[in-house]
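S.K.: Mind looking over this structure? Questions follow.
Throughout, read-outs are computed from the coordinates displayed, never taken from laboratory work. Just so you know, these numbers come straight off a predicted model, no measurement behind them. Backbone-built Cβ (ideal geometry, glycine too); neighbour counts: all protein chains shown.
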Amino acid sequence: MVGYRCEIVNTATGEARTYESDRFDESTPFWWRDGNYACDCNRKTTWLRLADEYPEDCTDEEDEALCPCGHGSFRVAELVLMDGRRIPIDRPV
Ligand SMILES: [Zn+2]
């Protein structure tokens, strides 16, 4: 199993944080393009967690207020696999 990393960019501030995983498989691009991790809510949760900024004890209501659903607030341009392959995710703006 090959690993990968990607930059999650907060488009309001331009701040990029690097997400890494040791599990890339056939469904991973779909997961970022059209699955759970296409949505800003999960991207923001992940982005916050990368800096230990996500309040892990928050309620569902607090989570929804902090990390609303949507598209365009957190961008992922591509996945970079550890074997050198690059997989485009979000369309260029
Ligand atoms: Zn969502």
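S.K.: R0 = 30 Å: FRET efficiency of Ala65 with Glu26, Cβ-based, nearest 0.05? If you can, show how the numbers build up before the last one.
M.R.: Working: r = 35 Å, r/R0 = 1.16.
The value I calculate is 0.30.
S.K.: Can you tell me which of 8-16, 27-35, 39-47 comes out highest on packing, and rank the rest after it, using the mean Cβ neighbours within 10 Å? Working shown, then result.
M.R.: Details: 8-16: 13.1, 27-35: 14.8, 39-47: 19.1.
So the peptides 8-16, 27-35, 39-47, ranked by packing, come out 39-47, 27-35, 8-16.
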